[in-house]
Each structure stands twice: as C-alpha cells, then as structure tokens.
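The values are calculated or read from the model by the stated rules, or taken from the named source; none is laboratory data. A quick note: this is a predicted structure, and the numbers were derived from the prediction, not measured. Quick reminder, even Gly has a Cβ in these numbers, built from the backbone with ideal geometry, and neighbours come from all protein chains shown. Heavy atoms of the whole protein, side chains included, go into the accessibility calculation; ligands, DNA and RNA do not. Shrake-Rupley method; radii C 1.70, N 1.55, O 1.52, S 1.80 Å.
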Amino acid sequence: MDLQHMYGVKLNDGHSMPVLGFGTYAPEDIPKSKAGEATKLAIDVGFRHIDSAYLYQNEEEVGEAIREKIADGTVKREDIFYTTKLWTTFLRPEFVQPALEKSLKKLQLDYVDLFIIHVPVAMKAGEELLPKDARGNFILDTVDICDTWVALEKCKDAGLTKSIGVSNFNHKQLEMILNKPGLKYKPVCNQVECHPYLNQSKLLAFCKSKDIVLVAYSALASHRDPKWMDRNSPNLLEEPILIAIAKAHNRTPGQVALRYHLQRGAVVLAKSFNAKRIKENFQVFDFQLTPEDMKAIDGLNRNLRYAKLEFAADHPYYPYSEEY
Ligand code: NAP
C-alpha cells in the first residue's frame, strides 16, 4: 500500500488527503531554490502532501522538485497530493480559473489535487500581489465569496483540480458557502492556523460536523515572518509542558505538536527546509500521546494567533471578528 493510502483521510468528495503535509512557505529573503530542495527531501522521507500557493512564488521550484521525483521513479503523480491557493487579488470570479492556470503553468503539472481560497478578504484585482495605496495600506476589494466559490466549482469540473476548499474562513463563512443556493460541491477542507496555543476546538468540531477537514498550519509555532506574523508572541516549541511530554516519549516538542493534530482528527502541515527536521517531522506515526497528554496539551489553549491578518480588520469578511 502506498503512503498516501496508509495515512490518508477521506474527503467529502471521495478523494483522499494525506494527514501530514509539507509546508513550503518561507520569508522573502530565503532563496526560492530552497523550497525546491526541501520538497525533494520531503518526498524522499515520505511526505506525499505538499502545500504551496501562488503567493509563495515558489511554484516553479516546487513543481520542478515534484516532477524530478516522478522522473526518478520515487513517486508517481497520483501518489502526490499537491495544494495551491487562490490569492486574494484573484477572488473575482473571472480571475479564478486563469489564476489556477497560472499556477499550473509554473508547476508544469496538468492538475492540482486541491485548490483553496487563500483568504476570504479580497484585495484589489490585478497582477500586483500586494496592492498598496500611497500611505502603504493594502487596497481591499469586496467580492462575494459565494461567487468565487462557483468559479472554483468550475475549475473542478474542468479537471484542473481534484478537490476544492477554503482557508482562513470562520464557521459563518463556511456556512455561507454550505447554504449557498445551488451549491454543487462542499469545501473539502478549511486550512487555518491551529496549534496548542490556538487549538480551534470549536471550529474543529464545526468542521467535523459538516464533514470538512480542518488542516492546521503554523503547527510548529509559525514561520515568524514579520510581514504576516506577530514575532513577539511566545514560541510554542519552548513551552515547558510540551517539552515534558516530548521527553516522556523520547520525542521532540515538534513531533508532539504535530502528533497532537493527528490524534484529534485534523490534518497537519509542517514546514522545514532543514534535512534533519524534515526527517524528524515525518516520524510521527510510530508513537501515541496518552489521553492525559492530550488533555494537558488542550489545556495550553490561549487563543493566541500568530497571523492576525490585521490589514483586513475593517473588511466585512475579516474572519477573526467571530469567536470561531
Ligand atoms: P511551521 O510549520 O509552523 O514551522 C515553523 C518553523 O519551525 C519553520 O520555519 C521551521 O524552520 C521550524 N521547524 C520545523 N520543524 C521543526 C522541528 N521539528 N523542531 C523545531 N523547529 C522546527 O511553519 P508555517 O510556515 O507557519 O506553516 C506551515 C505551512 O502552512 C506553510 O509553509 C504553508 O505551506 C502553510 N501556511 C498556510 C497559511 C494560510 O494562510 N493558508 C498561512 C501560513 C502557513 P526550519 O525550516 O529551519 O526547520
């Protein structure tokens, strides 16, 4: 049996998603070639789920890495689960399929496995990734996310993506899609920040009740890129309780932080561009946290968000004005 099937969760559209994914985002000062090199290492150690996005500007390198691993016989295309994201300047329905086609062209792949709306808040449409006004503020736009969703459904029907989903949506925004008249496909997932300091227990329960997979990002305390993240926030991996649990299992805090999500029924992403840590992060299928460990980790929740998306705070679709 291949790894994807061993470690896969069944999505509400019948496809399967490996429960541990490899994150590829890195701050701008890191050469994009590192994402490609790391993706190859990740595939070599067993990762089959690769998470990227148009925004990350590394899809040429990540796509090349995947194609190299297919060419050298390590994997077949169907063993890989690749996610890309619809950037927020492309939320207007007429830009959705062209945006996916742009990613596919960079990747040099025929299809992606998952295409998700990166954030519900639109920015000014156009080629500029981060459109800003003269005062340096992001220029926002208002686009009905239900209209964007219909355009994603069309991408699935066109065979450009196997599955469609969302990211950074609150439960009300998920409900908006689920209750949309004429809905053809439900989102298969909601990819959100999630870790013991922000364990998203309500959103996870909601997603489970709707057969939507919660995909946890920043599970290892986040990339801390000051452009998006609050750098002054405490580092989860230095948390004494996590360290003590890791010691008891002869594991690292990172492995415990990843394993936590697998045992609570979420999918988890882990980014590393370091060979040793890439390997370490895949070694999470051969130990078990006890119910007491899980309870202690649950107890660390303090609703601490590394990425607050502050630029969008005044937008009607700002996702964090809701409790979950
Ligand atoms: P993360 O997975 O929380 O990792 C954070 C940092 O931890 C990495 O920079 C890594 O540095 C370090 N690290 C990795 N393994 C470790 C270990 N075992 N022990 C100690 N440190 C370790 O990073 P993230 O980028 O915030 O989130 C992961 C992925 O989720 C992203 O790459 C991206 O694909 C996705 N994401 C999506 C969104 C969204 O809006 N949908 C937002 C953020 C992230 P080294 O490279 O030096 O190991």
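Applying the criteria of a DSSP loop state and at most 15 other Cβ atoms within 10 Å to the trypsin sites (Lys or Arg not before Pro) of segment 1-89 yields Lys76.
Once both labels are positioned 7 Å from their Cα atoms along Cα-to-Cβ, the gap between Glu60 and Asn12 label points is 3.8 nm. Relative contact order of segment 50-107, taken over Cα pairs closer than 8 Å and 6 or more residues apart, is 50 percent.
Would you mind checking Lys172/Lys208; Lys40/Lys76; Lys106/Lys271 for any pair whose Cα atoms are more than 18 angstrom apart? Flagged as over cut-off: Lys106/Lys271. The H on the amide N of Ala270, modeled in the peptide plane, is under 5 Å from the matching H of Gly21, Phe22, Gly23, each at least 5 residues off or on a different chain. The sum of -39500 (n - 2.57) across all DSSP H runs of n ≥ 4, divided by the residue count of the chain, sets its helix-only mean residue ellipticity at 222 nm to -10000 deg cm²/dmol. If R0 is taken as 22 Å, the Cβ-Cβ distance between Glu28 and Ala134 corresponds to a FRET efficiency of 0.50. Centre-to-centre separation between the Cα atoms of segment 226-277 and those of segment 286-301: 13 Å.
Rounded to the nearest 5, what % of the DSSP beta bridges within the chain are antiparallel ones? Expressed as a percentage, antiparallel bridges in the chain total about 20. With loop defined by DSSP as not H, G, I, E or B, and exposure as at most 16 other Cβ atoms within 10 Å, which is the longest segment of the chain clear of exposed GluC sites (Glu not before Pro)? Longest run free of exposed loop sites: 129-321. Note on Ala71 and Asp211: the model spin-label points, each 7 Å out from Cα along the C-beta direction, lie 4.1 nm apart.
Each Lys or Arg adds one and each Asp or Glu subtracts one; over the other residues with Cβ under 11 Å from the Cβ of Pro93, this totals -2. Listed by chain and number, the lysines whose C-alpha is less than 21 Å from the C-alpha of Lys247, apart from same-chain residues fewer than 8 away, are Lys276, Lys279, Lys295. Between segment 72-136 and segment 163-195, the alpha-carbon centres lie 17 Å apart.
Neighbours of Arg305 by Cβ distance under 14 Å: Lys/Arg scored +1, Asp/Glu scored -1, total -1. Per-residue accessible area (protein heavy atoms, 1.4 Å probe) orders Arg277, Arg224 as Arg277, Arg224, starting from the largest. Rg/Rh for the chain (Cα atoms only, Rh after Kirkwood) is 0.94.
When all protein chains stay in place and ligands, DNA and RNA are ignored, the 1.4 Å accessible-area order of Asp147, Asp141, largest first, is Asp147, Asp141. In terms of Cα to Cα distance under 18 Å, which aspartates and glutamates are near enough to Lys10, apart from those fewer than 8 places away along the same chain? Within the straight-line cut-off, Lys10 pairs with Asp2, Asp51, Glu78, Asp79, Asp113, Asp211. Applying a DSSP loop filter and a limit of 10 other Cβ atoms within 10 Å to the chymotrypsin sites (Phe, Trp or Tyr not before Pro) in segment 237-323 leaves nothing.
Here the contact order of segment 234-281, divided by its residue count and restricted to Cα pairs under 8 Å and six or more residues apart, works out to 26 percent. Assuming R0 = 25 Å, can you tell me the calculated FRET efficiency for the pair Asn179 and Lys154, based on Cβ-Cβ distance, to the nearest 0.05? Given R0 = 25 Å and the Cβ-Cβ separation, E is 0.80.
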